[in-house]
Every structure is written in structure tokens, then in C-alpha cells.
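The values are calculated or read from the model by the stated rules, or taken from the named source; none is laboratory data. As the structure is a prediction and not an experimental result, all values here were calculated from the model. Glycine gets a Cβ as well: all are built from the backbone with ideal geometry, and neighbour counts include every protein chain shown.
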Amino acid sequence: MYQSIDDPQDDLDALERSDKHVYIWGLAILCAVLIAAIIYLSTLDTEAEPEGVDMVRAEQVTYRKAISEQRAAMRRARLQDFLTTHPESDYQPVVQAQLDVINLEEAAQWRDVNTAVFDAETSREDKLAALDNFEAKWGGALLGGRDDEIRELREDISQIKDVKKIPSRKLPDQKSPIPQSVPDTMLAGGPRPVAPPVIIRPAPPPPLEPVVQLNITQPTIRRNVTPRYPRKAMRREIEALVELKLNIDERGRVAMTELVDVRAERYQKDFVKAAERAAMRTRFNPKLINGRPTAATGIIKRYRFKLGE
């Protein structure tokens, strides 16, 4: 009968092989976990990156579409939509500057339309044409237009009656207290030259003290300035006659003007203002008393505003 005896060395070898297997399996599991973690993190990055890129691309596409619009009204509407859709975009300052330029242009053209509409010499058809052209170019309310203002302006035009011929507004002939023979370059109504006094010498002595003879020369015009015809009055063919009272200093300059009379159908203030400006710029030879320059008061100067002269 035989008895088997196990070799201790074989048991040691078996233990070493089992430890190696456990170690290898542990390393394999650890590598698998690391690989899975890397794949998961890379998946998160690849998923987040396209979303940000898509937002930037969408913003650029919207901006390019807005600035590529040919019509100013449509371009303004798209730029305003861009500001609302992308409030934190880097394009915000540029878009706002472009909107300011477009709005300034639109406001200038609207002023031109109002000027044409309220011009008395423009026909109703031309007024409506100017309004229709503006509406066609700048669109309606959906594009930020002026629907309410255009509607009110069109109603105002419908109430305006065309005037085929503007009535004559010439100043009717009126008799002036100043003779027509007196030219405009001469002063009218001023003090007349005083004749030298007659010296009476008594026959008996004692002799009287001699009377001082005064040699007085009234002011005369040295440089006459023609007043500028007011534009509104000239356009409507309105004439006028303005008479001023002048105070002239010893240098021959007009120190003060006072209105005596103005005759005009309209724009009296404009005619008086033009006459006063011309008077203040007119230069005179001052009043002389014994050759000495002296201030003069109450000198009347007349200005005629007559068409064709």
C-alpha cells in the first residue's frame, strides 16, 4: 500500500500563480474604469462645444443677413431684431451706430416731406406723391414706420385747396407826406439850415457886444446802405414804406432809431427790422456848428421796399 506525499514546493507555486491572476485582473479592471472615465469626459466636451459654436454661428448669420438688406427700412427692422435677440453680443455697439445713421436719414426725409406738404406753391398731387414715396421707401408700422403721422398728414392734404394763382400783394399807391421829388439818398423832414442872423448895430455908442454868428450844416449821407428785402415778403410780392427817426452822433453814426410809420400789408416787423439794420449801417457827415461836429436828433429817413428796384 502506497501513501502519496504532497510536495510543499508545488503548493507554493500554486499560490504564486493565483496571486498573479488576482493582480492581473485588478489591473485590467482599473484600466477599464480609467478608459470609461476618459471616454465619458470626452463625450461631455464634444457635446458642449458644438452648442457654443452653433450660437456664435447663428449670431453671425443673423448680423450678416441684417446688413445685407438693400432697403433701409428692412435693414433697420432686422438690426432692431438683432439687438433684441442677442442683447449680449459683441456686435451691439456697431449695430446701434448703424441704427442711428438710418434713423437720422429717415428723419431728414420726413422733414423734406413736411416742407413739400406745407408749401403753398406745391400742388396737391405733388404733395401726395412726396408722401407716397416716403411711405413706399420706409414701410409701415411693422418696419418701424410712421403710420399714424402719415395718415394724419394725408388727411391734412385732403383739406387743402389748390390755389391756381396767388393774389397780388403789391402795396397800393398811397400819398406820402414827403414829396416824390426827394430822392431816397437825401434826408427828409430834418431841421432846415438856419440863415445867418442879421447883425444890427446901433448908431449911438456905447457899442453893443457882437452877436456870435452860427454857421450850421445839417447832416448829409456819406455812405448809404440799401436795406435787404425780406425773403418772405419778396416771395409773396409784398411792398412796404418805412419811415424812421434817427439820432446821429458827432461821428456821423446812427446812435438810435425810432419807428415813425410803416405801411405794409404783412410782415411789418420784417420790413422795420430790415430798415433799422440799414439805418444803423449808414454813415453820415455829422451836423456842423461853426465847423464843429455836433450830435443831431429827429432826422427822418425813409425806406421804400418796392419790387423790381
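Please report, ordered by residue number, the strands (runs of 3 or more DSSP E) entirely within the stretch 199-309 with at least 2 residues that are among the hydrophobic types (A, V, I, L, M, F, W, C). Walk me through how you get there before you give the answer.
Working: elements: 220-223, 240-248, 254-264, 283-285, 287-289, 292-294, 296-305.
It comes to 240-248, 254-264, 287-289, 296-305.
All but one of (1) surrounded by 16 or more Cβ atoms within 10 Å (Cβ to Cβ); (2) within 30 Å of Asp119 (Cβ to Cβ) hold for Glu237; state the number of the condition that does not hold.
(1)
Output the residues belonging to the stretch 95-130 that are of a type in the set (Asp, Glu) and under 16 Å from the mean Cα position of the chain (by Cα). I'd like the intermediate steps shown before the answer.
The first filter runs over the stretch 95-130 and keeps only residues of a type in the set (Asp, Glu), leaving 100, 105-106, 112, 119, 121, 125-126.
Within the stretch 95-130, Asp100, Glu105, Glu106, Asp112 qualify.
Is the stretch 72-85 home to any residue that is within 30 Å of Arg235 (Cβ to Cβ) and of a type in the set (Ser, Thr, Tyr)?
The first filter runs over the stretch 72-85 and keeps only residues within 30 Å of Arg235 (Cβ to Cβ), leaving none.
Taking every residue of the stretch 72-85 in turn, none turns out to be within 30 Å of Arg235 (Cβ to Cβ) and of a type in the set (Ser, Thr, Tyr).
Can you tell me which residue within the stretch 240-255, out of those that are of a type in the set (Gly, Ala, Ser) and more than 15 Å from Ala274 (Cβ to Cβ), is surrounded by the fewest Cβ atoms within 10 Å (Cβ to Cβ)? I'd like the intermediate steps shown before the answer.
Going residue by residue through the stretch 240-255, those that are of a type in the set (Gly, Ala, Ser) are 240, 252, 255.
Subset that is more than 15 Å from Ala274 (Cβ to Cβ): 252, 255.
Numbers: Gly252: 19, Ala255: 14.
Filtering the stretch 240-255 for residues that are of a type in the set (Gly, Ala, Ser) and more than 15 Å from Ala274 (Cβ to Cβ), the one surrounded by the fewest Cβ atoms within 10 Å (Cβ to Cβ) comes out as Ala255.
Out of the residues in the stretch 136-151 that are buried (at least 18 other Cβ atoms within 10 Å of the Cβ) and part of a helix (DSSP H, G or I), which is modelled with the highest pLDDT?
Of all residues in the stretch 136-151, those buried (at least 18 other Cβ atoms within 10 Å of the Cβ) come to 138-139, 145-146, 150.
Filter once more, keeping what is part of a helix (DSSP H, G or I): 138, 150.
Working: Trp138: 78, Ile150: 81.
Only one residue tops the list, namely Ile150.
All but one of (1) under 22 Å from Lys170 (Cβ atoms); (2) touching a Leu at 6+ places or on another chain (Cβ under 7 Å) hold for Lys232; state the number of the condition that does not hold.
Unmet for Lys232, out of (1) under 22 Å from Lys170 (Cβ atoms); (2) touching a Leu at 6+ places or on another chain (Cβ under 7 Å): (2).
Using the structure shown, decide if Met280 is among the aliphatic types (A, V, I, L, M), within 30 Å of Asp119 (Cα to Cα) and out of contact with any Phe, Trp or Tyr (no Cβ under 8 Å at 6 or more places or on another chain). Break it down stepwise before answering.
Values: among the aliphatic types (A, V, I, L, M): yes; within 30 Å of Asp119 (Cα to Cα): no; out of contact with any Phe, Trp or Tyr (no Cβ under 8 Å at 6 or more places or on another chain): yes.
Spelling it out, it is not the case that Met280 is among the aliphatic types (A, V, I, L, M), within 30 Å of Asp119 (Cα to Cα) and out of contact with any Phe, Trp or Tyr (no Cβ under 8 Å at 6 or more places or on another chain).
Taking into account only those residues within the stretch 60-89 that are part of a loop (DSSP other than H, G, I, E, B) and surrounded by 11 or more Cβ atoms within 10 Å (Cβ to Cβ), which is nearest to the chain's Cα centre (by Cα)?
Looking at the filtered set, the residue picked out is Arg71.
Within the stretch 109-128, is there a residue that is assigned to a loop (DSSP other than H, G, I, E, B), touching a helix residue (DSSP H, G or I) at 6+ places or on another chain (Cβ under 9 Å), of a type in the set (Val, Ile, Thr) and at pLDDT 80 or above?
Our first condition is that a residue be assigned to a loop (DSSP other than H, G, I, E, B); within the stretch 109-128, this holds for 118-123.
Then keep just the ones that are touching a helix residue (DSSP H, G or I) at 6+ places or on another chain (Cβ under 9 Å); that gives 118-119, 121-122.
From the residues that got through so far, the ones that are of a type in the set (Val, Ile, Thr) too are 122.
Checking the rest, the ones that are also at pLDDT 80 or above come to 122.
Checked against the condition, which is being assigned to a loop (DSSP other than H, G, I, E, B), touching a helix residue (DSSP H, G or I) at 6+ places or on another chain (Cβ under 9 Å), of a type in the set (Val, Ile, Thr) and at pLDDT 80 or above, the stretch 109-128 yields at least one hit.
Hey, Lys287 hits all of (1) of a type outside the set (A, V, I, L, M, F, W, C); (2) at pLDDT below 90; (3) out of contact with any Ser or Thr (no Cβ under 8 Å at 6 or more places or on another chain) but one; which does it fall short on?
Among (1) of a type outside the set (A, V, I, L, M, F, W, C); (2) at pLDDT below 90; (3) out of contact with any Ser or Thr (no Cβ under 8 Å at 6 or more places or on another chain), Lys287 violates only (3).
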